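Here's the structure we're looking at; comments come further down.
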Amino acid sequence: MKLKNFLQQSQKVTTLSSEKTSVSSQQEASKTYTESNNTLKSKLSPSWTRYLLLLTGSGLLLGGLTIYLVSYVYPEWQYRQRYLETDNAHVTSDVNPVTTHVSGIVAEIRFNDNQMVSPGMVLVKLDKSNYELSLAQAKTSLELAKQQAALAREKISKILVDIPESQPVPKNKNAQIEERALIKKRTLQAQVLNQQKRLNEQQYKIALATFTQKQIEVKKAELELNYTDIVTAVGGIVGNKNVLVGQQVVPGQTLLSIMQPRPWVIAYFPEKQLEKIQPGQKVKIAVSAFANRQFQGKVDSIAFMPEDNLTSNSASSNSLHEIPVKIVFDGSSIQGYESRFHPGMSAIVKVETK
């Protein structure tokens with residue numbers, strides 16, 4: 001038992017001695033590092049220290065700038081060398097107004113808003129009763145004029161002008177007198193008949209002119225009757241409806257509009273960039289209404305724009321203008337979207353110049 005206690009105490013003394021030795025070694029190492037640091041600092045002058053700091057900072061700045069140039073500036077420069085881009089662009093299309101040629105009361109409307117229609121389709125029907133009556137009257141007048149022309153022609157054919165022929169002069173004096181009187185009488189009759197014939201011919205010409213005029217009136221009445229069915233000459237999407245059943249319409253009034261399903265884009269570029277834009281160049285088109293779809297097209301032409309409508313980059317009258325460029329879609333690119341485009345939709349275009 002005594003031996004065991006002795007061994008335990010010896011072990012504790014040994015452990016305590018080892019810990020003190022370890023702490024003493026750490027303190028000596030720390031003291032040595034601090035002395036070395038102080039020695040290095042004492043050897044370096046303040047100006048040399050600032051120089052090292054400045055050199056290190058400059059290196060870091062230069063490295064960061066190089067990374068920025070390589071990562072952002074150079075790709076952007078390459079992009080601008082290849083593409084011209086503008087967000088000042090919009091979709092447009094041909095819009096045909098549908099008007100009425102005759103006045104009347106709207107009897108029927110055969111279309112709905114935003115409906116796709118085809119050429120020749122009847123969109124609005126007007127009341128026909130007045131125009132049917134006018135056509136019937138015109139046909140009656142034409143038949144009467146036809147009969148009058150026929151009668152005038154018959155009068156011409158019934159008049160036969162008998163012009164007396166010269167006869168041998170008889171030797172008997174009394175016979176000569178009688179012959180002269182007969183010739184005079186027949187000459188006067190021929191003159192009267194000839195005058196009547198010319199009058200009848202003139203009446204026939206008037207009757208023919210009247211007949212022709214009545215034919216024109218019939219055609220006009222037929223045309224006006226046909227105009228009561230208002231049809232579209234082009235296909236497209238119906239919009240701008242401005243007509244109701246029972247409404248009185250007048251000639252020239254616009255009842256609706258037809259937007260043709262062949263859209264294109266008008267994009268505005270600064271005039272200094274036009275040198276790089278040529279017809280046929282490929283174009284990428286992004287329409288805001290279809291954010292997940294990119295369309296393809298090509299430059300068609302530099303669009304005409306009146307001088308008063310040219311947009312300017314600043315308020316100065318001497319500043320550069322933005323000139324419209326017409327860009328057409330590739331047919332396959334907008335397949336299925338033709339009826340979904342509407343004039344005025346904003347777009348972003350990228351013209352590939354190289």
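The values are calculated or read from the model by the stated rules, or taken from the named source; none is laboratory data. This structure is a prediction, so every number in the text was calculated from the model and none was measured. Positions of Cβ are backbone-derived with ideal geometry, glycine not excepted, and every protein chain shown enters the neighbour counts. Only protein heavy atoms, including side chains, enter the accessible area calculation; ligands, DNA and RNA are left aside. Shrake-Rupley method; radii C 1.70, N 1.55, O 1.52, S 1.80 Å.
Couple of notes before you dig in:
- Environment charge of residue 216, counting only residues whose C-beta is closer than 14 Å and scoring Lys/Arg +1, Asp/Glu -1: +2
- Label zone at residue 133 (point 7 Å along Cα-to-Cβ), backbone N below 12 Å, region 241-256: none
- Here region 107-146 and region 233-257 have alpha carbon centers that stand 15 Å from each other.
- Percent accessible area from carbon and sulfur atoms, region 90-149, protein chains only, probe 1.4 Å: 48
- Protein heavy-atom surface of region 223-299, 1.4 angstrom probe: 50% of the accessible area is carbon and sulfur, with nucleic acids and ligands not counted.
- Too-long pairs where the Cα-Cα distance tops 21 Å, listed order kept, from 219/241; 272/350; 220/241; 284/326; 125/214: 219/241; 220/241; 125/214
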